[in-house]
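Written below as structure tokens is the structure these notes are about.
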């Protein structure tokens, strides 16, 4: 119990990296009528 070790946190890792979230935010702010498929294609093309 009284440890000072850096322990792993519970829960699943994020599915989208923070840079991907920034890219999605930028794309949607530029064109708010974009589709989910277009966003997925853009994410896949960047990685």
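The numbers here are math on the coordinates, done by the rules we state, and not lab data. Just so you know, these numbers come straight off a predicted model, no measurement behind them.
What shape does the chain take by its C-alpha gyration tensor, where a ≥ b ≥ c are the square roots of the eigenvalues and a/c under 1.5 counts as rounded, a/b above b/c as prolate, and the rest as oblate? Can you show the working numbers first?
Working: a/c = 3.87, a/b = 3.18, b/c = 1.22.
Verdict is prolate for the chain.
Is it possible to state the helix-based mean residue ellipticity at 222 nm for the chain, with each DSSP H run of 4+ residues giving -39500 (n - 2.57), the sum divided by total residues, to the nearest 500 deg cm²/dmol? What is it?
Details: 2 runs with 24 residues, N = 47.
After summing the helix terms and dividing by residue count, I get -16000 deg cm²/dmol.
Relative to the first principal axis of the alpha-carbon coordinates of the chain, what is the inclination of helix 18-30, with its axis defined by its Cα atoms, in degrees from 0 to 90 and to the nearest 10?
For helix 18-30, the angle is close to 30 degrees.
For helix 36-46, what angle does its Cα long axis make with the longest principal axis of the chain, in degrees from 0 to 90 and rounded to 10?
70 degrees
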